[in-house]
Amino acid sequence: MIDTIGIILICIGIAFDFLGVLGLVRLPDVYNRLQAATKCVTFGSMGILLGVIVMQGFTSFGFKALIGIVFIILAAPTAAHAVARAAHRSKIPLAKISVVDKYEEDKELKEETLKEEVKV
Amino acid sequence: METKTKSRIIVFVFALLVWFALTDIKNYQEVLIGIAISLLITFLAGHFLITTEKSQHPVKRVIHFLFYILKFFWEMIKANLEVAYLVIHPMLPIKPGIVKIKTKLTKDSAITVLSNSITLTPGTLTIDINEQKKELYIHWINVKTQDIDEATEEIGNRFEKTLTEVFE
């Protein structure tokens, strides 16, 4: 019984991992791809690790899986943020269908004020 | 007690507990190494955990934090179904863009948790933060509004109230 629940959890995890990979291929630009990569892959990996915990119980093996979940939740969004920020700073454009880019607007504003200050 | 010492003690106990959970507690060598490593961690990074005195009662904060975790998991499941729907849909109905939201949180740790939560919930990804103005830049896969106040309402306010209770 417990094994069945664990295997179902692992299957859900693999399904979400697959959707994440599909999103990585289908979505247009680096930012949208990061969205699919962080959300689905975090959730998928959590599902797999939860399945392991259910199957193993709270032994030292299961506890390692639990700590793995905590580290994935902390690390995945941080890494996504770092990649997105680096991409934007190295001027990788957003996809054509994007509607707004407040970050770019603010950066231009900042540069303009800087130039004016230099002139004065 | 000084805040730094308190923070160090909490880090030490926590590190030791995690070590015991990971290793065989009956072997005294493991215990000795665990204590040595916990001490090392405590002196290197122990003072980062708690930096200011909190006004809320600790038990109340823990309860709020557990409530926050439940809420977070619910939002996360919703996020995954939403992204899964977008990815499977043959027309790819997305409308991406980068918007700004405001935050009222002041502590570094609180802002970190808020931006990580935003990244893991429906269609949003934190890109950068403006520390002076307390604004977060968010990549939104399906932009509903470009107005800063409405976006704050839509994205940030789900977590902000609970996080204020926990961290401030």
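Estimated at the nearest 10 Å², the accessible area of residue A:41 is 60 Å² with a 1.4 Å probe.
For the segment B:137-148, counting C-beta atoms of other chains within 10 Å of every residue's C-beta and taking the mean gives 4.
Ordered by solvent-accessible area of protein heavy atoms (1.4 Å probe), largest first, the residues B:139, B:64, B:57 come out as B:57, B:64, B:139. Close amide H contacts of residue B:127 (hydrogens built in the peptide plane, cut-off under 5 Å, sequence separation of 5 or more or a different chain): B:137, B:138, B:139.
Which whole-number percent is the relative contact order of region B:21-136 (Cα, under 8 Å, 6+ apart)?
It comes to 23 percent, rounded to a whole number.
If you wrap a convex hull around the C-alpha atoms of the protein assembly as shown and split its volume per residue, what is the figure in Å³? Write out the running numbers ahead of the final one.
Values: hull volume 50.5 nm³, N = 288.
Hull volume over Cα atoms, normalised by residue count, gives 175 Å³.
Expressed as a whole percentage, what fraction of the accessible surface of the protein assembly as shown belongs to carbon and sulfur atoms when a 1.4 Å probe is rolled over the protein heavy atoms?
69
Among the residues of A:14-23, the average count of other protein chain beta-carbon atoms within 10 Å of the residue beta-carbon is 3. When peptides B:113-120, B:128-135, A:73-80 are ranked by their average number of other Cβ atoms within 10 Å per residue, the highest-first order is B:113-120, A:73-80, B:128-135.
Comparing Cα centroids, region B:78-156 and region A:1-52 end up 20 angstrom apart. Peptide A:76-87 is shielded by partner chain Cβ atoms: per residue, an average of 5 of them sit within 10 Å of its Cβ. Helix B:58-88 and the longest principal axis of the Cα set of chain B meet at an angle near 40°. Between 0 and 90 degrees, the angle of helix B:28-45 with respect to the longest Cα principal axis of chain B falls at about 60 degrees.
With the charge dipole of region B:58-167 set up from +1 on Lys and Arg Cβ and -1 on Asp and Glu Cβ about the Cα centre, the Cα lying farthest toward the positive end among the listed residues B:89, B:69, B:122 is that of B:69.
Couplings 3J(HN,Hα) of region B:97-112, computed from phi: x, 10, 10, 10, 10, 9, 9, 9, 5, 10, 6, 4, 4, 5, 5, 4 Hz, in residue order, whole Hz [Karplus 6.51 cos²θ - 1.76 cosθ + 1.60, θ = phi - 60°; x for Gly and Pro]. Taking 31 Å as the limit for the C-alpha separation, the pairs A:91/B:71; B:4/B:78; B:95/B:134; A:96/B:71 exceed it in the case of A:91/B:71; B:4/B:78; A:96/B:71.
For region B:3-48, what relative contact order do you get, as a whole percent, if you take Cα pairs closer than 8 Å and at least 6 residues apart? Worked out over region B:3-48, it gives 61 percent.
The values are calculated or read from the model by the stated rules, or taken from the named source; none is laboratory data. Since the model is a prediction, treat every value here as computed from it, not as a measurement. So basically every Cβ, Gly included, is an ideal-geometry build from the backbone, and we count neighbours across all protein chains shown. Side chains included, ligands, DNA and RNA excluded: accessible areas come from the protein's heavy atoms. Shrake-Rupley method; radii C 1.70, N 1.55, O 1.52, S 1.80 Å.
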